[in-house]
Each structure stands twice: as C-alpha cells, then as structure tokens.
Amino acid sequence: MAKRVLVSGGAGYIGSHVSVELIEAGYDVVVADNLSNCDMTCFEGVKKITGREDIPFIKMDFCDIKAVENLFDEFKIDAVIHFAAFKAVGESVAEPIMYYKNNLESFMNLIQVAHGHGGCNVLFSSSATVYGEPDELPVTEKSPRQSATSPYGNTKQICEDILRDSVNAYVTGDSTVHIGSDRPGPIKGIALRYFNPIGAHPSALIGELPRGVPNNLVPFITQTAIGKRDCLNIFGNDYPTPDGTCQRDYIDVVDLAKAHVHAVRRMLEGKMENDYEVFNVGTGKPLSVLELVKAFEKVNGLSLNYKFAPRRPGDVVAIWADPTLANEKLGWKAERTTEQTLASAWAWEKHLADK
Ligand code: UDP
C-alpha cells in the first residue's frame with residue numbers, strides 16, 4: 001500500500017507543487033489547509049496535473065487541536081510536511097502576536113497529536129532566513145544561525161528548535177504530553193532550509209498567487225511585465241556586490257518540491273543518520289537582482305520597466321547555499337535552469353491573466 005503524506009498548507013504555493021511531486025512519486029497525499037492565504041486554484045491545479053480527482057482535502061486550522069486530532073483519527077499518516085504558516089515578514093513585524101500564535105501553536109499541535117498517534121516523520125519547511133547576514137558564503141548547515149530580524153524569521157528558528165527538542169524527547173516514543181491514543185510513538189524530523197523559491201509548474205496550472213502587492217521579487221516582476229504594476233523598484237544598487245544589487249540563491253519551486261520527496265523517502269525508508277536532520281535547499285549559485293531582471297527580459301523577449309530605489313530595511317546583502325549535504329545525503333540536486341524557471345513564472349502570470 002502506498003505511504004500517506006499529510007501536507008499541511010498544501011493548497012499554497014510550495015505545498016501544491018510538493019503535492020504534485022509526491023503523487024507522481026507514488027505517495028498518497030492528504031491536503032489540509034485553512035485557505036487563509038490562498039483559494040482552491042492551486043489545489044484544483046494539482047488535481048488536473050496529476051489526473052487525481054480523489055485527493056482528500058480537509059479545510060482546517062492547525063491551531064484547532066481538536067481538528068488535528070480528528071485528522072489523525074481519520075487517516076493513518078506516515079509522514080507530515082508542514083507548510084501551514086503565515087509568511088509575510090513586514091506583517092509579522094506589525095502583528096507579532098498573530099505570527100507567534102499561529103506559526104508556533106499550529107506546529108506544536110501537529111507534533112503533539114502526531115506523537116500521540118503512534119509517532120510520525122515530520123518535515124518542517126524552514127528558511128535560509130535563519131542564517132541572517134552570514135559571515136561566510138556560501139552557508140552550510142553548520143553556519144551559525146543569527147538572531148532573527150523579524151517575528152516571522154524567529155518563528156522559523158523556534159519551530160526548528162521545537163522539532164529538534166521533540167525528536168530528542170520522544171525518541172523512546174513515551175511521554176506524558178501526547179494527545180490522542182494509548183500508543184504514543186517517536187517523532188523523527190527533517191528541517192529543509194529553503195533559499196528563494198521562484199517559478200511555477202511547467203504546466204502553468206499552479207504557481208504563486210500573492211494577495212495584494214507582492215513583497216517578493218519575481219511576482220513583482222511578472223506583475224510589472226503584465227501591466228498590473230507600473231514599475232519594479234530595485235531596492236538598493238550600492239551594496240558591496242559585483243553590480244551593487246543584492247545576491248540570492250533562487251531555487252526553482254519544482255526542484256524545491258522534489259527535495260521534499262527525497263527527504264520523505266529518506267525518512268520512510270529508514271535512511272536517516274540522525275533522528276533530526278537539517279538540509280539547505282538551494283542551487284549554490286548566487287544571482288543578483290539585476291542579473292535576474294536581465295535574465296527574465298532575455299528569456300521572455302520583453303523589456304521591463306524598472307528603476308533603482310533606496311535599500312529595503314532588513315534585507316541581507318548576499319546569501320547563497322552550499323547544497324552539498326542535500327546533494328550527497330538526499331541524492332537531490334537543483335536541475336532546472338534560471339531561464340526555464342523565469343519562463344515558467346511568466347507563463348503562470350499569463351495563465352492568470354487569461355482566466
Ligand atoms: N527586491 C527588489 N524589489 C522588489 C522585491 C524584492 O529589489 O520589489 C529584492 C530584495 O531587496 C532582495 C531580493 O529582491 O534583494 C529578493 O527579495 P525577496 O523579497 O523576493 O526575498 P528575500 O530574499 O527578501 O526573502
């Protein structure tokens with residue numbers, strides 16, 4: 001029988017791409033989402049791409065522990081991938097309590113209930129934001145975490161710690177805090193630290209759907225190209241980088257999704273070397289904002305209206321991954337080219353405009 005993977009926040013941008021890759025790799029998927037930051041567009045896209053009309057969808061909030069319990073009572077879950085969280089840096093600065101409550105409570109509920117239902121393999125979607133402004137580049141998993149500069153970033157660090165501590169504490173499977181059954185079990189965990197996910201599925205049926213004005217670079221670029229925004233502001237051209245603009249490691253969302261499949265397989269096939277593991281998920285290649293804009297123009301044959309603007313507060317100058325550990329231990333490597341990725345982002349924006 002196929003192993004079943006619960007994807008919390010599975011109707012969102014990354015969760016929908018991960019659901020597709022899991023299904024195509026032969027896993028059964030249960031998608032749970034409260035639709036607080038997305039609609040059913042991507043979930044419908046997942047069904048279309050995979051040809052699977054029968055994917056269970058549960059509309060629920062992981063802050064509601066009873067709902068989490070019901071979910072685990074209904075389905076036997078072999079692994080969980082946890083995406084359900086708020087993710088806007090600026091909003092988290094304005095609304096810290098909302099972020100701490102939502103992002104921490106939902107994850108603790110998940111672990112507590114999973115632990116009480118015979119244990120589970122838990123994959124947490126972490127972020128390169130935990131490295132802050134790194135002293136050395138590229139960053140490896142051993143690079144120190146820096147104090148977070150936003151409540152959002154802090155929730156990523158705290159959730160990593162919650163997972164690590166739960167793995168260590170519940171290794172024997174026993175404890176007094178479990179919720180659900182008389183057979184508590186161990187938690188095993190992997191945290192994947194994403195660099196900058198961009199792009200869309202080659203089918204153009206799923207992609208990023210920002211609400212309101214996008215904060216992230218690529219949705220802002222595609223919305224400018226399609227005419228929804230007048231002009232892209234490039235935040236800062238006086239940074240100590242080769243062309244003065246910030247450098248990031250832009251990872252194709254389908255490549256990123258595949259890393260999850262490799263990580264799930266590693267957990268389910270008992271290949272983990274430690275019960276809690278951390279992997280960088282990036283390409284290992286830095287790209288500046290200006291390089292990315294030029295690549296977007298070239299591959300899509302258009303000219304983008306952009307101008308240089310003041311630096312954005314809180315931006316790190318440069319960060320990119322050393323993905324060696326993921327390459328070697330997960331057997332995963334980023335494969336899609338920047339051109340393919342930027343073409344897919346543009347195809348998705350055009351698909352949205354046609355709808
Ligand atoms: N950026 C920009 N204009 C925008 C949005 C982003 O110049 O409208 C820059 C931002 O300053 C950073 C890079 O693009 O250097 C990536 O930003 P994004 O918000 O996509 O991801 P982050 O690295 O901040 O998580």
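Assorted remarks:
- Per-residue accessible area (protein heavy atoms, 1.4 Å probe) orders D275, D255, D54 as D54, D275, D255, starting from the largest.
- Surrounding net charge for R211, when Lys and Arg each add one and Asp and Glu each subtract one, Cβ distance under 12 Å: -2
- Segment L325-L304, extension gain: residue separation times 0.36 nm, minus the distance between their alpha carbons: 3.9 nm
- Heavy-atom accessible surface of segment 4-57, averaged per residue, reaches 32 Å², computed with a 1.4 Å probe.
- DSSP beta bridge pairing in the chain, given as percent antiparallel to the nearest 5: 5
- Taking the average, over residues, of other Cβ atoms within 10 Å as the packing measure, peptides 294-306, 128-140 rank 128-140, 294-306 from highest down.
- Pairs beyond 27 Å (Cα-Cα), from K3/K47; K47/K258; K47/K355; K156/K350: K156/K350
- Relative contact order of segment 269-355, pairs being alpha-carbon contacts under 8 Å that are 6 or more residues apart, as %: 43
- Charge tally in the Cβ shell below 12 Å around T283, where Lys, Arg are +1 and Asp, Glu are -1, T283 excluded: -1
- When restricted to Cα atoms, the chain yields an Rg and a Dmax of 19.7, 62 Å, respectively.
- Size of segment 204-336 as Cα extents on the principal axes (Å, biggest first): 51, 37, 26
- Compared with the dominant principal axis of the Cα atoms in the chain, helix 41-50 is inclined by about 80°.
- The chain: angle of helix 253-268 to the longest principal axis, Cα-based, in degrees nearest 10: 20
- Seen from K87, the other residues with C-beta closer than 14 Å to its C-beta sum to a net charge of -2, counting Lys and Arg as +1 and Asp and Glu as -1.
- Per residue Cα convex hull volume in Å³ - calculated over segment 253-306: 104
- Computed lengthening from E44 to S175, 0.36 nm per intervening residue step minus Cα-Cα distance: 43.2 nm
- Spatially proximal aspartates and glutamates relative to K228 (Cα-Cα < 16 Å; intrachain offsets below 8 disregarded): E208, E349, D354
- Among G212, G26, G90, the largest mean-square fluctuation in a Gaussian network model of the chain, built with springs joining Cα atoms closer than 10 Å, belongs to G212.
- The share of accessible area on the chain that comes from carbon and sulfur is 50 percent, using a 1.4 angstrom probe.
The values are calculated or read from the model by the stated rules, or taken from the named source; none is laboratory data. Everything numeric here is computed off the predicted structure, so don't read it as measured data. Note: ideal-geometry Cβ built from the backbone for every residue, glycine included; neighbour counts use all protein chains shown. Ligands, DNA and RNA are excluded from the accessible area calculation, which covers all protein heavy atoms including side chains. Shrake-Rupley method; radii C 1.70, N 1.55, O 1.52, S 1.80 Å.
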